[in-house]
Every structure is written in C-alpha cells, then in structure tokens.
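As structure tokens, the structure follows; a few thoughts come after it.
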Amino acid sequence: WTLPKSARTILIPRGFVTDFASVPTTFWAWMPPTGRYGLPAVVHDWLYWDQRFSRSEADDIFDAALADLSVSSWRKFVLYRSVRWFGGKYWRQNALARQNGEGRVLKAFPNDARIRWSEWRTKPGVFA
C-alpha cells in the first residue's frame, strides 16, 4: 500500500478545531485523547472535515501516521479498527455540517478557557 502522492504533505490550517483522538471517556485511563497518536488524530480529524480524500484513504493515512510515530501495535489496531468501524457516522455528519455552512477553522479564539465549544461556535465572526 502506498499513500496517494498528494497525501505526503497535509497542511492543516491554524485554528482547526479538533478533539484529538475521539476516545470515549470510559477508556481514557488506558487511552486518553492525546498521546503519541495525538498528532495523527488531528490529521485524521482534518481529513474527515476536509474530505479531499475518500474516507478509506483518510483512515489509511491515519494508520500510516500511527506507524510512522511508532504507536504500539495494540493501540494502532484499536485506533484504526475504531475509525473503520465507527467513523462513517462522523464522516457523514461532517459532510452535512459543511453543506450547512458550519466552520471548523477559527479566526477568533476565546479569552475565557471555560467556554464550551457548543457556545463558542454559535458566536458570530469566530470562523475563517
């Protein structure tokens, strides 16, 4: 398997909103949202938002990034299988959100660290 040539460099805009690895809180004790797999998760979130590649290509790029960063094989397996098994829902939600004009790249950042995403994203002028 070879990455598409256009996937060799993926630029993620400053201000892109991510949750890193979308791991349910129940599992955070052994796999928190950040870790060695945090940056591949950001890339994967961007690819799911941008949708320039197919979903399967996005998942394969994620898998390759996990391997490049020497993520342990059991974590790599769990993360990759999770996006393959459960990612379709999020892929479709992102496509619909984009069609409805939702943004995910901020041009304004909150001054209050306690503000929730659900509130911040409704404020006018925060998206690029």
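Can you give the longest stretch of the chain with no exposed loop site, where a site means trypsin sites (Lys or Arg not before Pro) in a DSSP loop (not H, G, I, E or B) with at most 11 other C-beta atoms within 10 Å? Walk me through the numbers before you get to the answer.
On the way: sites that count: Arg8, Arg14, Arg114, Arg116.
Free of exposed loop sites, the longest segment is 15-113.
I want to verify a result. In a Gaussian network model of the chain, Cα cutoff 10 Å, which of these has the top mean-square fluctuation: Ala108, Ala58, Ala29?
In the Gaussian network model the winner is Ala29.
Where the accessible area of the chain is counted over protein heavy atoms with a 1.4 Å probe, how much of it, in %, is carbon and sulfur?
54
In percent, what relative contact order does the chain have, based on Cα pairs under 8 Å that are 6 or more apart in sequence?
25
Report the charge-dipole magnitude of the chain in Debye, nearest 20, computed about the Cα centre from +1 at each Lys and Arg Cβ and -1 at each Asp and Glu Cβ.
Details: 19 positive and 11 negative charges, 27 e Å.
It works out to roughly 120 debye.
Determine how many Å³ per residue the convex hull of the Cα atoms of the chain encloses.
Values: hull volume 16.1 nm³, N = 128.
In the chain, the Cα hull volume divided by residue count equals 126 Å³.
Which percent of the Cα-Cα distances in region 83-128 go past 11 Å? Please list the in-between numbers first.
Details: 750 of 1035 pairs.
Percent of Cα pairs beyond 11 Å in region 83-128: 72.
Could you tell me the calculated FRET efficiency between Arg14 and Arg92, based on Cβ-Cβ distance and R0 = 22 angstrom, to the nearest 0.05? Don't skip to the end; give the middle numbers.
On the way: r = 27 Å, r/R0 = 1.22.
After rounding, the FRET efficiency stands at 0.25.
Among Pro13, Pro24, Pro40, which one moves the most in a GNM of the chain with springs linking Cα atoms closer than 10 Å?
Pro24
Within the set of other residues whose C-beta is less than 10 Å from the C-beta of Leu66, count the net charge using Lys and Arg as +1 and Asp and Glu as -1.
Working: positive: Arg36, Arg75, Lys76; negative: Asp63, Asp68.
After counting each charged neighbour, the total is +1.
Count charges around Gly38 for me, please; just the other residues with Cβ under 11 Å from its Cβ, Lys/Arg as +1, Asp/Glu as -1. Write down the numbers at each step before the final one.
Values: positive: Arg36; negative: Asp19, Asp45.
Here the count lands on -1.
Dipole size in debye (nearest 20) for region 80-128 around its Cα centre, Lys and Arg Cβ +1, Asp and Glu Cβ -1?
Dipole about the Cα centre, nearest 20: 240 debye.
The values are calculated or read from the model by the stated rules, or taken from the named source; none is laboratory data. Predicted model only: the values in this text are computed from it and were never measured. Cβ sites come from the backbone with ideal geometry, for glycine too, and all protein chains shown count toward neighbours. Ligands, DNA and RNA are stripped out before the accessible areas are found, and what is left, the full protein with its side chains, is counted by its heavy atoms. Shrake-Rupley method; radii C 1.70, N 1.55, O 1.52, S 1.80 Å.
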